[in-house]
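This report concerns only the one structure given below.
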Amino acid sequence: MNKIPLTVRGAELLKEELHRLKTIERPNVIAAIAEARSHGDLSENAEYDAAKERQGFIEGRIAEVEGKVSNAQIIDPTLIDADGRIVFGATVDLEDLESSDQVTYQIVGDDEADIKQGKISISSPIARALIGKYAGDVAEVLAPGGIREYEVLDVKYI
C-alpha cells in the first residue's frame, strides 16, 4: 500500500478516532447487540439488524483507520526546509487575481481536508497547481467555472 501523507495534527486526529472507535463505539455496539438478542426472535428484530449494521460500519472504519495509520508518512511542516517553495504541509497566502480576494490554505492529506478551516487536500486541483510554486508566482487552477489565477503572496511552514 502507498504511503499516506499526513501532518502531525492529522495523524493525532486519526489515532484519537481509532481509540474512540475501539474503546467507546465497539463496546457500545456489542452491548446493543446483546440487548437486542435478549428481545427474542432475531428474524424480525429491527434493533438487532440495526446494531449488526452499525457493528459492520464500526469494524470497517477501524480497519480503514488502522490501515491509514500504519501507512502514514507523517510530515511536520515546521521541520520542512523547502526554501520558500510550496510543498505538502505548507500554509499559503493567495490572492485571486480576478476578484482580489485573499485566502490562506494549508495543504494537508485527504483525511484532514476541511475547507472551512482553510485546509485543502493535496489531491485537490488548487493544491496540485500550487505545489512547487514560490511567493510571487501565479498558479492557474482549472475550476468548474473555468481557469482561475491565484498569485502566491506568502509561503509558511507552521
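We did not get these values from a lab; they are worked out from the coordinates using the rules stated. The model shown is predicted, which means the values in this text are computed figures rather than measured ones. Note that we place each Cβ from the backbone using ideal geometry, even for glycine, and neighbour counts take in every protein chain shown.
The Cα atoms of the stretch 77-156 give a gyration tensor whose axes a ≥ b ≥ c have a/c of 1.5 or more with a/b no greater than b/c, which makes the shape oblate.
Here the chain carries DSSP beta bridges of which approximately 70% are antiparallel, counting only pairs with both residues inside. As a ratio to 2.2 N^0.38 Å, the alpha-carbon radius of gyration computed for the stretch 4-75 takes the value 1.41. Using Cα springs under 10 Å in a Gaussian network model of the chain, which residue among L130, L79, L21 shows the largest mean-square fluctuation? Of L130, L79, L21, the Gaussian network model singles out L79 as fluctuating most.
Strictly over 23 Å apart at the Cα level, which of K3/K119; K15/K156; K119/K156; K3/K116 would you flag in this model?
Numbers: K3/K119 20 Å; K15/K156 26 Å; K119/K156 14 Å; K3/K116 26 Å.
Check vs 23 Å cut-off fails for K15/K156; K3/K116.
Backbone amide hydrogens, once placed in the peptide plane, bring A90 within less than 5 Å of I107, excluding anything fewer than 5 places away on its chain. Please give the helix 26-37 orientation as an angle from the longest Cα principal axis of the chain, in degrees from 0 to 90, rounded to the nearest 10. Approximately 30 degrees, to the nearest ten.
For the stretch 87-158, which GluC sites (Glu not before Pro) are both in a DSSP coil and crowded by at most 16 other Cβ atoms within 10 Å?
On the way: sites: E95, E98, E112, E140, E149, E151; in loops: E98, E112.
Filter output for the stretch 87-158: E98.
The convex hull defined by the C-alpha atoms of the chain has an orientation-averaged projected area of 12.4 nm².
Place a +1 charge on the Cβ of each Lys and Arg in the chain and a -1 charge on the Cβ of each Asp and Glu, then give the dipole magnitude about the Cα centre in debye, rounded to the nearest 20. Don't skip to the end; give the middle numbers.
Values: 18 positive and 30 negative charges, 108 e Å.
So the magnitude is around 520 debye.
Relative to the first principal axis of the alpha-carbon coordinates of the chain, what is the inclination of helix 46-70, with its axis defined by its Cα atoms, in degrees from 0 to 90 and to the nearest 10? Between the helix axis and the principal axis of the chain, the angle is about 40 degrees. Mean-square fluctuations from a GNM of the chain, with a 10 angstrom spring cutoff on Cα atoms, peak among A36, A129, A46 at A46.
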